[in-house]
Structure formats: C-alpha cells, structure tokens
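Down below is the structure, laid out as structure tokens.
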Amino acid sequence: MRSTRAGRLPPASSRSIVNTYVARMASQLPEDFTFATLVPWDSPHKPDRLITPDTAHAGHWDAREIASLVSGCSCLLVPCTLETKYEKRMIQSLLQQIEPNSDLCVALLQLLEIPGDMSKEYVEMVMARHDVLLTLGADVVILDPSDDQDRLYAELDQERTWLDANVQHAQCMIDESADAKLQAALEYHHELLWESMPKAMMHALPPVNHNLVETATSVGDYRLMHRLSTVSGNVIFARRSEVEEVVLKVYDKSDYVTAGDVENIDRELRILRGELRHPHIVQCMCVLHSFSRVYLALQVGGKKNLSQHLLNQPGYRLDLQDAVDCTAQIAGALAFCHSRNIVHRQVSLDHVVVDDQSETSFCRLVDFSAATRCVESTPSTTLCGGLPCIAPEMVLEASYFAKPADCWSLGVVLLEAVGGMGSMRQAVGWPDDAELEPAAARTRNFFSCDGSHARAMAVMGGVRSHAVLTRLSGLLEPEPAARAVAGSPFQAS
C-alpha cells in the first residue's frame, strides 16, 4: 500500500523545493498568512501555520484543520511544481473545501527548478503547467515567486489588482452589451424555463417564491451552518431550530439553462417526494424555490458518507458483520426502488451516508439526481457514475439494463466495505489516472476468471469469508442477465 501511494506523489526533488520554500517564508510572513503543501510534511520542523494532507491517509484533507487555520487568515499560499497529476487533484480538492463567501485569497505559487541549460522544451513545459494552474480557480497564480517578503507582497498585490481590474472590465463589457432587447430576452427565457414550463408540465417543482429571503448566512427560516464535502455539488448543512436540522442541496439556476436541466430537477423531486418512503433512503422534507436557486431540504442521514467513514477505520474497512449490515441496508433500499421500477444509476460509497452515533451504523442511500423510472424491457443509454462502482456494461455497451447495473454497483460497495476502500482498484490493477473504458474492460475480464472474487476481497487485508464471497459472486457477475437482484444476496437463508 505504501509504495502505491508514494507512486502518486511528486518526486523527491519537487517536494524538497516546496519544503525549503515554505520553511524559509513561514517565518517571514505575518500571522494572517497560511501555507498549504500538497503532500504530508516530512521535514523535522513543521511550521505552525501549515495545512497538509492527513499523514495517515495521504491524498485527503482534514476539513477541521483547514477551517481552523484559515479562520482569520487573509491569504493561503500553496507552493507547487505541478509535476504530477496528483498535485492538480489535491489543489482542486483543497479549493472545494474552502468555505463559501470567504474573503480569503488563495494563491498558487509555481516554484521552478532552474536547469543549467534553459532549453525551449523546458520553457514550454513550465508554461504548459502554468496554463493548467490558471484553470483551477484560485484567486492568484504566480510563476517563480520571490523568496523575499517585500517582493512577494508586491507580487501578490499586483496579481490581485490585475484580477480585480479584469473582473471590472468584463462586467463593464457585459453591461454595455446587455441592451434592453437582450435583457428582455433573458427575462423571458427565465420566466419560460422556471415558471411557465414547470406550472404546465412539472408539478413537483413549486412556483417561484419571490419573497424568499437569501443571505450569505440564511435561506428563508434556515440558518446556513457549513458546506459539506460531497461529490454532488453545493450541499450545505442548515438549521431551522436547535432540533430541526436539514441538508440543503442547492441548484444554482445559472448552471441549468435548458428544459432538460429543469426536467431533471423535477424528476428528482418527483422520485424523492413521491413513493420512495423507506428508512434507508434520505427523504426530501421540503423545497425552497427562489428567483435564482432551487433548494432541496433533505433529511440529515449522517455527517459522513461511506467513503469518508472508511477512511477513519483500521485498514480502511469495516469489520465483516458491520460491512454486511451496512450493505444489506442499502440493498433493501435499492430493492425497494427496483420494486417500483425506479433505478438509482449512481450507487457508490459517496452516495451512502452513515450515521454512526449508536452501536450499529445506520446507512441511507442519497443523491437521486441521475435516478429515473425504468421498464424492464427497455434499456438505458445514459452514462452515469464513475470508478470504482460503475458497471462495466454501462461503459462498454451501447445500451444497458439499469437494474443489473445498480446491483453491480452494490457489489462494489460491499467489496470496498469488507476488503477495504481501494480493493477494486488494487485487485483489477487500474492506474491512479485510469480512463473509464480500459478500466471497465479490465474489470469485466478480471471477474470472469475463477477465484477473482476471493482475490479481490483479500487483496488489501487478507479478508476471507464464505458468506460474503457468495454475495460478492452473485453481484459482481460480469454477465448482467446472470447477476443477483438487489435484495436476494442479503435475505436470510
């Protein structure tokens, strides 16, 4: 496991450049400046104001550490070389965890190892990496930053001034071009998309409430507490009272501009607020619809998803009985959906939330944004989800049947919970930056071989269980027609 993780990290020379820079500058800069390194700190003396990935789980940030260190901070400096894709992923992950509506300036500092021969190829490589950094969404990107305090101040100030000027210039151009006819067209489009069409055809989406008050800290009667780290976009933990808590899933209308986009939101609402009343499916409590956003107020199913929960467990896995119990709960929820001809199409570790406050964990299935109604004889063509849980036929075939695809994904959840998170990737042998199609082909070929399910379950920690192996073999069956249905592997024998 260690060598695989180390293979993702930047080379030692790159880490040395970053550590040297941070060690030198941390002592020069005032207390409202904080550094972040993209790999765990391995030098003897760690600066006080330094955010690093969790050393126990390299590649994952500690949200509490980030919140603590950026509180009262005016600038977060992230030195890097961008020699590996790992660094890009870590920057994206860090930026996603910075609290919304923050005045914090995030600056990416591109450090260089100047060679003796400044070749054309080297310059092109540096500029290519710089172009990538510019696309990641930080406030400031500085190429070859100074290691002198005053000069670094000047560079940061210059870049922020340039950024503000560009924003103002772009806004002026928009204002000048948005004449009365264009503005009228935009208003008509908004009214048609979000008021007239839902009123006529999409009855799950309530009318726009033009009196709904939205601020940086509240929406209607709900106080916004903090953003949750999810793969499903903008999700915020909120309270209406000390005892009433919800999770607000936020749809910003500026990102949804077609009739199909609005229909997808309405379909999710119809499914969640219709007949899916099940203890292991997160319920939609109500919908708030403002002029600019749609808020789904969802039941709080747990503070962590299963992926985050596994990261805190020894060996990144649950004990056998807990793993079977948790997966059985989701199997029951999925079987309930399938009995009503509803398919989820994105079953994964990220879409299972865990309430672990009692002796036994209570799991719920979340995020029905890709869910739809299906007819047994009608195949689907929409690609949903991703590695490691996506069914191979969803990627490799022109069409697929969604219920068996859900059951494959359920099998991957069981495998990762029992064997350890990362079991599928290690067993099949994907690279870290695996593309979907070759990974799906390797997965189907792997599980077509005798003994593959036992090898996958044992690859990380030597886990063995005949009962679990039987369930895995039924769900992770490469041939969809022969695959077990959602509830059957977990029914009492």
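The values are calculated or read from the model by the stated rules, or taken from the named source; none is laboratory data. Note that the structure is a prediction, hence the values are computed from the model and not measured. FYI the Cβ positions are ideal-geometry reconstructions off the backbone, even for glycines, and counts take in every protein chain you see. Protein only, heavy atoms only, side chains kept; ligands, DNA and RNA dropped before computing areas. Shrake-Rupley method; radii C 1.70, N 1.55, O 1.52, S 1.80 Å.
Here are a few things to note about the model shown:
- Between the listed residues Cys80, Leu193, Ala458, the Cα displaced farthest toward the positive end of the dipole of the chain, a dipole computed from Cβ unit charges relative to the Cα centre, is found at Ala458.
- Pairs exceeding 26 Å between alpha-carbon atoms, taken from Lys249/Lys303; Lys303/Lys403; Lys88/Lys253; Lys88/Lys403; Lys85/Lys403; Lys46/Lys249: Lys303/Lys403; Lys88/Lys253; Lys88/Lys403; Lys85/Lys403; Lys46/Lys249.
- Rg followed by Dmax, in Å, when the range 372-493 is reduced to its Cα trace: 13.9, 41
- Evaluated at q = 0.13, 0.25 Å⁻¹, the base-10 log of the normalised Debye intensity for the range 240-295, with identical point scatterers placed on the Cα atoms, takes the values -0.40, -1.12.
- Within the chain, percent of DSSP bridges classed antiparallel, to nearest 5: 65 percent
- Taken over the C-alpha atoms, the chain has Rg and Dmax values of 24.8, 73 angstrom.
- When only the Cβ of Lys, Arg, Asp and Glu is charged (+1, +1, -1, -1), the dipole of the range 342-467 relative to its Cα centre reaches about 280 debye.
- Long-range amide H partners of Cys286 with built H, under 5 Å: Ala297
- Using distinct alpha-carbon pairs, which all enter the 1/r mean, Kirkwood radius of the range 304-376 in Å: 13.0 Å
- Accessible surface area normalised per residue over the chain is 49 Å², counting heavy atoms of protein chains with a 1.4 Å rolling probe.
- Backbone amide hydrogens, once placed in the peptide plane, bring Ile281 within less than 5 Å of Leu365, excluding anything fewer than 5 places away on its chain.
- For the range 315-331, backbone phi angles converted through the Karplus equation (6.51, -1.76, 1.60; θ = phi - 60°) give residue-by-residue couplings of x, 6, 9, 8, 6, 3, 5, 4, 4, 5, 4, 4, 5, 4, 4, 6, 4 Hz, Gly and Pro being listed as x.
- The modelled label-to-label distance between Glu191 and Leu112, using points 7 Å beyond Cα along the C-beta direction, is 5.6 nm.
- Of the residues Ala439, Leu9, Pro489, the one whose Cα sits farthest toward the positive end of the charge dipole of the chain, with +1 on the Cβ of Lys and Arg and -1 on the Cβ of Asp and Glu, is Pro489.
- Computed with a 1.4 Å probe over protein heavy atoms only, the accessible area of Ile17 comes to about 40 Å².
- For the range 117-128, putting each phi into the Karplus relation 6.51 cos²θ - 1.76 cosθ + 1.60 with θ = phi - 60° gives couplings of 10, 7, 7, 4, 4, 5, 4, 5, 5, 4, 5, 5 Hz, in residue order, rounded to whole numbers and with x for Gly and Pro.
- Exposed GluC sites (Glu not before Pro) absent - longest run of the chain, DSSP non-H/G/I/E/B, at most 13 other C-beta within 10 Å: 114-241
- Residues whose amide H comes within less than 5 Å of that of Cys105, counting only those at least five positions distant or on another chain, are Cys75, Leu76 (H built at 1.01 Å from N in the peptide plane).
- Nearest-20 debye value, the chain charge dipole, Cβ charges on Lys, Arg, Asp, Glu: 1820 debye
- q = 0.11, 0.15 Å⁻¹, the range 195-344: log10 I(q)/I(0) [Debye, one scatterer per Cα]: -0.51, -0.91
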